[in-house]
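Here, each number is a calculation from the coordinates, and none is a lab measurement. Fair warning: this is a prediction, and the values are worked out from it, not measured in the lab. Here the Cβ positions follow ideal geometry from the backbone for every residue, glycine too, while neighbour counts run over all protein chains shown.
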Amino acid sequence: MLDDYGLTHEYNVISAHRKPDALAEYVKSARSRGIQVIIAAAGGAAALPGAVAAHTTLPVIGVPLPSSEMHGIDSLHAIVQMPPGIPVGCVAIGGWGAMNAAHLAAQIIGLTDTAVEAKIDAYRDRLHNA
């Protein structure tokens, strides 16, 4: 979806538990690399989105993954229960959530980028006319 909107992006796998220093370094340098929104997918305890939000004021969108016997409900609850002042937006569990995270990131960026806004409008028009 990010490619469809013409949004350049990075893809990394960084564990909040196994590599906390690497995660902090990556997130703290995100703004200087031109990143405007961070999408963080996590399963189980789903600490990643909250750990990311603790190190930046950029918008963070959490995607709960169905990685445990609880099928992602545990991840969903972990992501939406952030303490006041450290928000994480949360979308649906799994694939639909990942797609909507991309759409939401594009909408956030589209607030100040008219080219992205036009692509969002065109996508929505295709949905309405399908």
Place a label point 7 angstrom from the Cα of residue 115 along the Cα-to-Cβ direction, then list the residues of segment 1-32 whose backbone nitrogen is under 14 Å away.
3-9
Length gain on complete extension for the stretch residue 123 to residue 73, per 0.36 nm per residue less the alpha carbon to alpha carbon distance?
15.0 nm
Please sort 8-16, 65-73, 112-120 by packing, taking for each peptide the average over its residues of neighbouring beta carbons within 10 angstrom, highest first.
65-73, 112-120, 8-16
Of 22-30, 38-46, ordering from highest average Cβ density within 10 Å down gives 38-46, 22-30
Cα centroid of segment 1-36 to Cα centroid of segment 52-130, whole Å:
14
